[in-house]
Amino acid sequence: MEDIDKNSNPRTEQTNEEAMIRNLEKTCATCLTGKTIICARYLTDWEMHALGWKYKCLIIFLDDGSYFFPSVDGEANEAGVLITSVKDFETIPRI
């Protein structure tokens, strides 16, 4: 039973995760709150190929010039889907 890491503190790990979540929520709120979606469309063939992807996904443009699109992972290895709360349109697929 000596395999337990004596330096590991579950409470500290939880606190670190909670702090990271709070920081990410602040950043997301700054990026999104009060902004207006000016365009929502699928990636063009050129954009898809420039990303090295085989699939297209939705890209959302905001009034401040920023944009967002889903990826399957944090390294942007392929297009992702968006999950919604819209009845009969729960998933915005990649194509």
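Rule-based calculations on the coordinates, nothing more; no lab input. These numbers were taken from a predicted model, which means no experiment stands behind them. Methodologically, a virtual Cβ is constructed for each residue, glycine included, from the backbone with ideal geometry; neighbour enumeration extends over all protein chains shown.
Some observations on this one:
- Axis angle, to the nearest 10 degrees, between helix 10-32 and the longest C-alpha principal axis of the chain: 20 degrees.
- Taking amide H as placed 1.01 Å from N in the peptide plane, the amide H of TYR55 sits under 5 Å from that of ALA79, each at least 5 places away or on another chain.
- Using just its DSSP H runs of length 4 or more, each adding -39500 (n - 2.57), the chain gives a mean residue ellipticity at 222 nm of -10000 deg cm²/dmol after division by all residues.
- Calculated from backbone phi, Karplus (6.51, -1.76, 1.60) coupling profile of region 82-90 in Hz, x at Gly/Pro: 10, 9, 10, 9, 7, 4, 6, 8, 5
- Region 3-95, relative contact order in percent, only Cα pairs under 8 angstrom and at least six apart counted: 19
- Couplings for region 60-72, taken from phi via the Karplus curve 6.51 cos²θ - 1.76 cosθ + 1.60 with θ = phi - 60°, read 10, 9, 9, 5, 9, x, 7, 8, 9, 8, x, 10, 5 Hz in order; Gly and Pro are left as x.
- Sum of side-chain charges, PHE68 neighbourhood, beta-carbon under 14 Å (Lys, Arg +1; Asp, Glu -1): -1
- With all projection directions averaged, the alpha carbon convex hull of the chain covers 10.2 nm².
- Annotation: for a label point projected 7 angstrom from Cα along Cα→Cβ of PHE68, residues of region 26-50 with backbone N closer than 15 Å are 26-41.
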